[in-house]
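Every number here is computed from the coordinates shown, using simple stated rules; none is lab data. Quick caveat, the model's predicted, so the values are computed rather than measured. Here Cβ is always computed from backbone atoms with ideal geometry, including for glycine, and neighbour counts include all displayed protein chains.
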Amino acid sequence: MAREPLFDTLARQHWVVADDLIDPTLHEGLYQDCLQNWDTGNFHEARVGHQHSSSRESEIRGDSICWLTPGQEGSASNEFLLWTDALRQDLNRIFFAGLNSAEFHFARYPEGRGYKKHLDQHRAQPHRRISLVLYLNREWVDTDGGQLCIYSPEDVGRELSRILPRPGRLVLFRSDLIHHEVLPCAKTRWSLTGWFRSDRDYLRL
Ligand code: OGA
Ligand code: MN
């Protein structure tokens, strides 16, 4: 998908799926970086806020995450960060979106886990403007589950789409408008998730 139809769709429906934006070599490199971070023990359990106990939390959100930091020059993570920065600048040029920074993490959902319906922009994260998800698994079929459900911005009870986390698939959506959910997966689900933000400098808590 070329950039223009992608941006048109994002502007019109507030979410968009693209299957051929990420180069397959970069996709494979990111998957390897992700697995290496997992093997090195760089992941930790994701949190949803401070109001829940951790057992309750894993029912709401079952993934572990590892934040991306600029790696060695030429590494897949670095290349990805450069790529997303160009995307951020395009979004600003076309939409005057006021996106000043970005943050990304690898995510791993073990079998049986998902993430209940939520919005990415909330009181604790007011600066998240555009969410990005890239799916890293090499293979994914219908029966593997783990679909991303997109709900209507006008009626959050109405499901609009179930997106299968297919290899290299990328989803962009408005963090303030799109409620979404990750259905439980039937095998380990690897992804890269992040946000383009309106603030410039922030402390990650
Ligand atoms: C998230 C999220 C969606 C996905 O991490 O906030 O909603 O498909 N991820 O992994
Ligand atoms: Mn989310």
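Residue separation times 0.36 nm, minus the C-alpha to C-alpha distance between GLN125 and ASP85: what's the value?
Working: separation 40, 0.36 × 40 = 14.40 nm, distance 2.02 nm.
Extending this stretch completely gives an extra 12.4 nm.
Let me have the 222 nm mean residue ellipticity of the chain computed from DSSP H runs of 4+ only, each contributing -39500 (n - 2.57), with the sum over all residues rounded to the nearest 500.
That comes out to -8500 deg cm²/dmol.
Expressed in nm², what is the orientationally averaged projection area of the convex hull enclosing the Cα positions of segment 1-44?
Over every viewing direction, the Cα hull of segment 1-44 projects on average to 4.3 nm².
As a test of understanding, state the convex hull volume per residue of segment 83-205 from its alpha carbons, in Å³.
For segment 83-205, the hull spanned by Cα atoms encloses 116 Å³ per residue.
Could you tell me what fraction of 2.2 N^0.38 Å the Cα radius of gyration of segment 144-194 comes to, as a two-decimal ratio?
Ratio of Cα Rg to 2.2 N^0.38 Å: 1.16.
Taking 0.36 nm per intervening residue step and subtracting the Cα-Cα distance, what contour gain separates THR188 from SER161 on full extension?
Between THR188 and SER161, full extension yields an extra 7.5 nm.
Over the residues of the chain, compute the C-alpha Rg and express it relative to 2.2 N^0.38 Å.
On the way: Rg = 16.1 Å, N = 205, 2.2 N^0.38 = 16.6 Å.
Working it through for the chain, the quotient is 0.97.
Give the longest segment of the chain that steers clear of GluC sites (Glu not before Pro) in DSSP loops with at most 10 neighbouring Cβ atoms within 10 Å, not counting the sites themselves.
The longest such stretch corresponds to 1-72.
Could you let me know the centre-to-centre spacing of segment 97-130 and segment 134-169, using Cα atoms, in angstrom?
When both Cα centres are located, 15 Å separates them.
Can you tell me which of TRP15, TRP190, TRP83 moves the most in a GNM of the chain? Springs connect C-alpha atoms under 10 Å apart.
Most flexible of the set in this elastic network: TRP83.
Quick one: ASP85, ASP201, ASP19, ASP63, fewest Cβ neighbours within 10 Å first, how do they rank?
Neighbour counts put them in this order, fewest first: ASP201, ASP19, ASP85, ASP63.
With θ set to phi - 60°, apply the Karplus curve 6.51 cos²θ - 1.76 cosθ + 1.60 along segment 166-177 and write out the HN-Hα couplings as whole Hz, x wherever there is a Gly or Pro.
6, x, x, 5, 10, 10, 10, 7, 6, 5, 8, 10
Would you kindly derive the ³J(HN,Hα) couplings of segment 95-105 from the backbone phi angles with the Karplus curve 6.51 cos²θ - 1.76 cosθ + 1.60 (θ = phi - 60°), listing them in order in whole Hz, with x for Gly and Pro?
10, 6, 6, x, 8, 10, 7, 8, 9, 9, 9
Hey, can you grab everything whose amide H is under 5 Å from the amide H of CYS185? Only 5+ residues off in sequence or another chain; H modelled, so Pro and N-termini drop out.
Amide H neighbours of CYS185: GLY112, ARG113, GLY146.
Percent relative contact order of the chain, based on C-alpha pairs within less than 8 angstrom and at least six residues apart?
Over the chain, the number comes to 27 percent.
Tell me, what is the Rg over Rh of segment 61-130, with Rh the Kirkwood radius over Cα pairs?
Rounded to two decimals, Rg over Rh is 1.03.
Starting from the amide H of LEU160, placed 1.01 Å from N in the peptide plane, find each other amide H under 5 Å away whose residue is 5 or more places distant or on another chain.
ILE150, TYR151, SER152
In nanometres, what is the gap between the two model label sites at GLU57 and GLN32, each 7 Å from Cα along Cα-to-Cβ?
Inter-label distance under the simple model: 3.3 nm.
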